[in-house]
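None of the figures in this text is laboratory data; all of them are computed from the coordinates on show. Given the structure is predicted, the values throughout are model-derived calculations rather than measurements. Backbone-built Cβ (ideal geometry, glycine too); neighbour counts: all protein chains shown.
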Amino acid sequence: MRLVVATRNEHKLRELRELLPDHELAPLPDGVRLPPETAETFEENALIKACAAARATAAAAIADDSGIAAAALGGRPGVRSARYAGEGASDEENLAKLLREVPLDGDRRVAYVCVIAYVDPEGEERLFEGRCEGTLAESPRGTGGFGYDPAFIADELDDGRTMAELDPREKGAISHRGRAAGALAAWLAESGRAAA
């Protein structure tokens, strides 16, 4: 099935294409503007973006809103993960701020959360959530992935590697985005929406 992806993040688009190989994921056309992510939940932000893309393109659209929640910070940065160190901050700046704020001798538990919203031109809306629990590393390691991956050690791994040290297939099998995309793919298949 052809799906417009409501993102300008090339890393996210590439990862979603790897996670949904049976579907054609089209980039958001240049002229389409996405509304600001001002909602307080991942669900609301994902729906805002998917609805905007579906309206603008008259095509089925998906949008992902995701982030990291640190137990020591009461769940922050959460929906503000992409802007944690300020508007326009780089992945490295956001990660550095998180590593400064979570005490080395404190609660290092973190969770990745992802919600993928599906919206079609007829107005059908669906939400798919994925979570990955883990621990925050003391310092960044690895060159793969993006965002907070260099400091996220998933509970499923017993070798201490960060998400940025995994190959894409390993990461996709346990990541928050991989789990949400898997739920979306299963629903698309069950509801008879054809693959590309």
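Structural remarks
- Summarising the strand pairing of the chain, around 80 percent of its internal DSSP beta bridges are antiparallel.
- Residue exposure proxy: Phe146, Phe42, Phe128, ordered by other Cβ atoms within 10 angstrom of their Cβ from fewest to most, comes out as Phe146, Phe128, Phe42.
- Reachable aspartates and glutamates, given that their alpha-carbon falls under 18 Å from the alpha-carbon of Lys97 and they are not under 8 places away in the same chain: Glu87, Asp105, Asp107, Glu138, Asp149
- Translational diffusion of the stretch 1-120, µm² s⁻¹ [Kirkwood Rh, Cα pairs; Stokes-Einstein; 4 °C; 1.567 mPa s]: 85
- Computed log₁₀ I(q)/I(0) - Debye formula, equal Cα scatterers, no solvent, the stretch 114-196, q 0.18 Å⁻¹: -0.77
- 0 to 90° range, to nearest 10: angle between helix 176-190 axis and the chain longest Cα axis: 20
- A straight Cα-to-Cα reach below 21 Å connects Lys171 with the lysines Lys12, residues fewer than 8 places away in its own chain not being considered.
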